[in-house]
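For reference, the structure is listed below as structure tokens.
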Amino acid sequence: MVMQKEIFIPDSGNLLPYGGEVRLYPAFYAKEQADRIFEDLRGGLAWRQEPIWMFGKQVMQPRLTALYGNPNQPYSYSGISMDALPWTSVLDEIKKNIEKFTGCQFTHVLCNFYRDGNDSMGWHRDNEAVLGRNPTIASLTFGVTRVFQLRDYPSKKNKVEVPLSHGSLLIMAGESQHLWEHQLPKTKKVNGPRINLTFRKLLM
């Protein structure tokens, strides 16, 4: 069981200087819980490496992914269309914890497995039409700490860097997906693995 204790969890305050809301909860899951969840996810999810198109040629994504969620509702992003697998017991319990904490409902979770510092996610926005106008994205981290970056989308300036540690929760809401883009860059400073769960609500 991965039920979250009903305790007050302080946040960072809004990390964005304008245009939306991003908040970090560094200790959403305690280390012992986070350790168990990490092992359950690493060995219990159907990880795949998907091909994507970049600069006119097809390459393999620099990470492993898996999509879980409500049936008969695929999710498409960056030229990839994924069918959702049924919720595992661990993912379902985590979803319930996140929904209770945020007051939001989520239909899907996109899971990312960064095997080491060579795995990454490039600059992008979670602004697919199926997510609605101002989606709330709940992002959980398990494993090694990686630096998450945001920057002003129109100007490509005003970069914000956020270390995402083991058991932490990042919430992106409001206009953040319109005015800001984000990435997880490669790094030579990290050798260990990280699993990231990004919960989102797909509209019918």
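The values are calculated or read from the model by the stated rules, or taken from the named source; none is laboratory data. Predicted, not measured: the structure shown is a model, and the values here were computed from it. Neighbour counts are summed over all protein chains in view; Cβ atoms, including those assigned to glycine, are modelled from backbone coordinates with ideal geometry.
Here are a few things to note about the model shown:
- Wholly enclosed strands (runs of 3 or more DSSP E) of the stretch 126-172 bearing at least 2 residues over 21 Å from His108 (Cβ atoms): 146-152, 160-164
- Residues in the stretch 85-97 that are free of Cβ contacts under 8 Å to residues at least 40 places away in the same chain and either within 15 Å of Gln49 (Cα to Cα) or of a type in the set (S, T, N, Q) (or both): Ser89 only.
- Taking the criterion of being modelled with pLDDT of 95 or more and at positive phi, no residue of the stretch 21-62 qualifies.
- Within the stretch 53-76, tally of residues that are of a type in the set (Phe, Trp, Tyr) and surrounded by 16 or more Cβ atoms within 10 Å (Cβ to Cβ): 2
- Close Cβ contacts (under 7 Å, 6 or more residues apart or on different chains) running from residues in the stretch 65-77 that are farther than 13 Å from Leu203 by Cα and in contact (Cβ under 8 Å) with a residue 24 or more places away in the chain to residues that are among the β-branched types (Val, Ile, Thr) and surrounded by 14 or more Cβ atoms within 10 Å (Cβ to Cβ) comprise Tyr68/Thr88; Tyr68/Val109.
- Selection status of Phe142, touching a strand residue (DSSP E or B) at 6+ places or on another chain (Cβ under 8 Å), under 24 Å from Val59 (Cβ atoms) and either surrounded by 15 or more Cβ atoms within 10 Å (Cβ to Cβ) or touching a residue at least 12 places away in the same chain (Cβ under 8 Å) (or both): no
- Matching residues in the stretch 173-204 - criterion: being small (Gly, Ala, Ser) and in a helix (DSSP H, G or I): Ser176
- Only one of Tyr18, Tyr29 that is assigned to a loop (DSSP other than H, G, I, E, B), farther than 21 Å from Gln177 by Cβ and in contact (Cβ under 8 Å) with a residue 40 or more places away in the chain: Tyr29
- Residue within the stretch 60-77 that is out of contact with any Leu (no Cβ under 8 Å at 6 or more places or on another chain), of a type in the set (A, V, I, L, M, F, W, C) and outside any strand (DSSP E or B) present: no
- Index of the failed condition, Lys156 passing every other in (1) of a type outside the set (Val, Ile, Thr); (2) under 26 Å from Trp53 (Cα atoms); (3) crowded, with 21+ Cβ neighbours inside 10 Å: (3)
Per-residue answers, yes or no, for (1) in contact with a His (Cβ under 8 Å, 6 or more places away or on another chain); (2) within 22 Å of Leu45 (Cβ to Cβ):
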site: Arg63; (1), (2): no, yes
site: Ala66; (1), (2): no, yes
site: Gly69; (1), (2): yes, yes
site: Ile94; (1), (2): no, yes
site: Phe113; (1), (2): no, yes
site: Asp126; (1), (2): no, yes
site: Gly143; (1), (2): yes, yes
site: Leu150; (1), (2): yes, no
site: Lys159; (1), (2): no, no
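- Number of residues in the stretch 105-114 that are touching a strand residue (DSSP E or B) at 6+ places or on another chain (Cβ under 7 Å) and surrounded by fewer than 19 Cβ atoms within 10 Å (Cβ to Cβ): the value is 1.
- Reported count of residues in the stretch 100-125, each being touching a residue at least 40 places away in the same chain (Cβ under 8 Å) and part of a loop (DSSP other than H, G, I, E, B), is 11.
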